[in-house]
Amino acid sequence: MAAIDEQIEQVERRFGVQLPEDYRLFLRSRTGMSQFVPPADDYLMLDSADELIDINEAGEFQERFPGSLVIGGDGARELLTYDFRQSPPPLVLLDTAASDWSAAIPQAPSLTVFLDQFPETGWIWGGDSR
């Protein structure tokens, strides 16, 4: 088994989730990303598999957002997060200072849709849902 597959399995065991297949493929094909994405020119960070456990255990995030899994963000306070309270889990944006799920801003129903739309739309900052 490849090291990346072992890291993915560790994340799934630790948080009791099964990562969506498109996200698994992303993790296998890249070591994360951190860049401005044109033409929207918004900053997008997607964490590598070996960062996920530490990021998700920081700041009591799991206690405030049970069923969450942070996978990246905007490079500042906003975190791109899977909402595993739903099946399949959509992606939402959560502020690091938010106290509960009521602050979640829907981004996309899957990583594939998110990555397809992000260059044009960038981050959704209102209550708009895709």
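Exactly one residue out of Ser99, Ser68, Ser110, Ser48 is small (Gly, Ala, Ser), over 26 Å from Ile4 (Cα atoms) and in contact with a helix residue (DSSP H, G or I) (Cβ under 8 Å, 6 or more places away or on another chain), and it is Ser99.
So that you can scan it fast, the table gives a plain yes or no per residue for (1) assigned to a helix (DSSP H, G or I); (2) among the acidic types (Asp, Glu); (3) buried (at least 16 other Cβ atoms within 10 Å of the Cβ); (4) without any contact (Cβ under 8 Å) to a residue 60 or more places away in the chain:
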position: Asp54; (1), (2), (3), (4): yes, yes, no, yes
position: Val70; (1), (2), (3), (4): no, no, yes, yes
position: Thr81; (1), (2), (3), (4): no, no, yes, yes
position: Pro88; (1), (2), (3), (4): no, no, no, no
position: Leu94; (1), (2), (3), (4): no, no, yes, yes
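Asp5 satisfies every condition listed in (1) farther than 16 Å from Leu111 by Cβ; (2) in a helix (DSSP H, G or I); (3) at pLDDT 95 or above except (3). Considering the conditions (1) over 19 Å from Glu12 (Cα atoms); (2) in contact with an Asp or Glu (Cβ under 8 Å, 6 or more places away or on another chain), Met33 is excluded by exactly one of them, (2).
Of everything in region 8-43 that is assigned to a loop (DSSP other than H, G, I, E, B) and under 17 Å from the mean Cα position of the chain (by Cα), the residue that is surrounded by the most Cβ atoms within 10 Å (Cβ to Cβ) is Leu19.
Residue count for region 96-109, restricted to those that are part of a loop (DSSP other than H, G, I, E, B) and not aliphatic (A, V, I, L, M): 4.
The values are calculated or read from the model by the stated rules, or taken from the named source; none is laboratory data. In this text, all values refer to a predicted model and were calculated from it rather than measured experimentally. As a convention, Cβ positions derive from the backbone with ideal geometry for all residues, glycine included, and neighbour counts pool all protein chains shown.
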